[in-house]
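Chemist: Pasting a structure here, questions to come.
Bear in mind that the values in this text are calculations on the coordinates, not laboratory data. Bear in mind that the values here come from a model prediction, so they are computed numbers and not experimental data. No Cβ is skipped: glycine too gets one built from the backbone with ideal geometry, and neighbour counts run over all protein chains shown.
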Amino acid sequence: MQSVAAPYFVDFRDVWLAYNDELLAQNHFAVEAIDLQVKTGEFIAIVGPSGCGKSTFMKLATGLRMPSMGKILIDGQPVTGPLKISGMAFQSPSLLPWRTTVDNVLLPLEIVEPHRSQFKTKRKEYEARARHLLQKVGLGGYEDKFPWQLSGGMQQRASICRALIHEPQMLLLDEPFGALDAFTREELWCILRDLHAEQQFNVILVTHDLRESVFLADTVYVMSKSPGRFVVRRDIAFPRPRDLELTYTKAFTDIVHELRGHIGAMRQTGAVINQ
């Protein structure tokens, strides 16, 4: 990978996806005409109505699906299969119940090369890294507990650590805080904010929570109803680091209401809104 030469870290060029050849022949696409350029270290959020293609976009960005048309470059290189430089976390933490918290976090290092082949010899080093990461997210003292001994918020913290343990260049988050209570969700916003500020990895966050998108992201994209396409791009100019007090300001709520208006208009009319 040659990120120095790449003008953008994520570069979608007129990307269309139909899920099979039959749907392609019928011009029935899940996402269409996706053009997206994301700078190195940028945090973007994608919002939109259910079924608009947000999760499909994530699969394209990680190489889990190949586009029917168009081209995707990540870090200047064409995507031809699943990416090793990305980490993912979902709404369900999906921790393995028979493994301790630290062993769950270590799992990607046992699977992904080049870590897999040297896991046994570097086990102590990797475990120290995992324990340090868990302490950063407030799980110090819970490293050797099992998932059933953790709250939902703690499990999600561990899931984020698992996604970051192999030090990926890109973190993809699909509704990671959607099942949590409001207070826990805001705690995790701040943890993610701090990890991103420290490590400067790229983040693609898919969320239904408009407050979450405005608080965390540099840029928010709104997707239309299926077939999904980006119809609104909203730059979020609030300086970093951002404090939760920001979410109670008029400037913040104005942006949230603006985005809600775009999504509401699409639900009512199905019309495409110009960027």
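Chemist: Hey, rough spin-label estimate for F183 and R240, points 7 angstrom out along Cα→Cβ, what's it come to in nanometres?
Modeler: 2.8 nm
Chemist: What are the extents of the Cα atoms of segment 121-233 along their three principal axes, listed from largest to smallest and rounded to whole Å?
Modeler: 48, 30, 24
Chemist: Please report the antiparallel percentage of the DSSP beta bridges confined to the chain, to the nearest 5.
Modeler: Numbers: 17 of 36 bridges.
Of the beta bridges lying entirely in the chain, close to 45 percent run antiparallel.
Chemist: Can you give the direction-averaged projected area of the convex hull of the alpha-carbon atoms in segment 1-86, in nm²? Intermediate values should be presented prior to the final figure.
Modeler: Values: hull surface 22.9 nm².
Averaged projected area of segment 1-86's Cα convex hull equals 5.7 nm².
Chemist: Hey, which aspartates and glutamates would be in cross-link range of K250, C-alpha to C-alpha under 20 Å, not counting anything within fewer than 8 residues on its own chain?
Modeler: Answer for K250, where 20 Å is the Cα cut-off: E186, D209, E212, D218, D235, E258, listed by chain and number.
Chemist: Quick one: Kirkwood hydrodynamic radius for segment 42-102, alpha-carbon pairs, angstrom, one decimal?
Modeler: Numbers: mean 1/r = 0.0715 Å⁻¹.
It works out to 14.0 Å.
Chemist: With just the Cα atoms defining each centre, how far is segment 219-262 from segment 150-167? Give it in Å.
Modeler: With segment 219-262 and segment 150-167 each reduced to a Cα centre, they are spaced 26 Å.
Chemist: Please report the relative contact order for segment 43-144, taking Cα pairs under 8 Å with a sequence separation of at least 6, and give it as a percent rounded to a whole number. Let's see the in-between values first.
Modeler: Numbers: 58 pairs, mean separation 17.8, N = 102.
Relative contact order for segment 43-144 comes out at 17 percent.
Chemist: For segment 135-261, give me the percentage of DSSP beta bridges that are antiparallel, rounded to the nearest 5 percent. All intermediate terms of the calculation are to be shown ahead of the outcome.
Modeler: Values: 5 of 10 bridges.
In segment 135-261, DSSP labels about 50 percent of beta bridges as antiparallel.
Chemist: Right, next: Can you give me the three principal axis dimensions of the chain from its C-alpha atoms, in Å, biggest first?
Modeler: Principal axes ranked by extent give 54, 45, 36 Å for the Cα atoms.
Chemist: Any chance you could list P(r) for segment 38-179, counting all Cα-Cα pairs in 5 angstrom bins from zero, rounded to whole %?
Modeler: Histogramming segment 38-179 at 5 Å steps yields 2, 9, 17, 20, 19, 15, 11, 5, 2, 0 percent.
Chemist: Would you list which aspartates and glutamates come within 18 Å of K124, measuring only between C-alpha atoms, while excluding same-chain residues fewer than 8 positions from it?
Modeler: D103, E110, E113, E143, D144, E167
Chemist: Let me ask something else. Show which lysines lie in cross-link reach of K39 when reach means a straight Cα distance below 28 angstrom and same-chain residues fewer than eight apart are skipped.
Modeler: K54, K59, K71, K84, K136, K225
Chemist: What does the helix-only formula give at 222 nm for the chain: each DSSP H stretch with n ≥ 4 adding -39500 (n - 2.57), the total divided by the residues, and the result rounded to the nearest 500 deg cm²/dmol?
Modeler: -11000 deg cm²/dmol
Chemist: Could I ask something else about it? Once amide H atoms are placed 1.01 Å from N in the peptide plane, what residues at a sequence separation of 5 or more from G87, or on another chain, have their amide H within under 5 Å of its amide H?
Modeler: Here M170, L171, L172 satisfy the definition.
Chemist: Still on this structure, I have one more. In a GNM of the chain with a 10 Å cut-off on Cα contacts, which of F230, F183, F90 has the highest mean-square fluctuation?
Modeler: Largest GNM mean-square fluctuation: F183.
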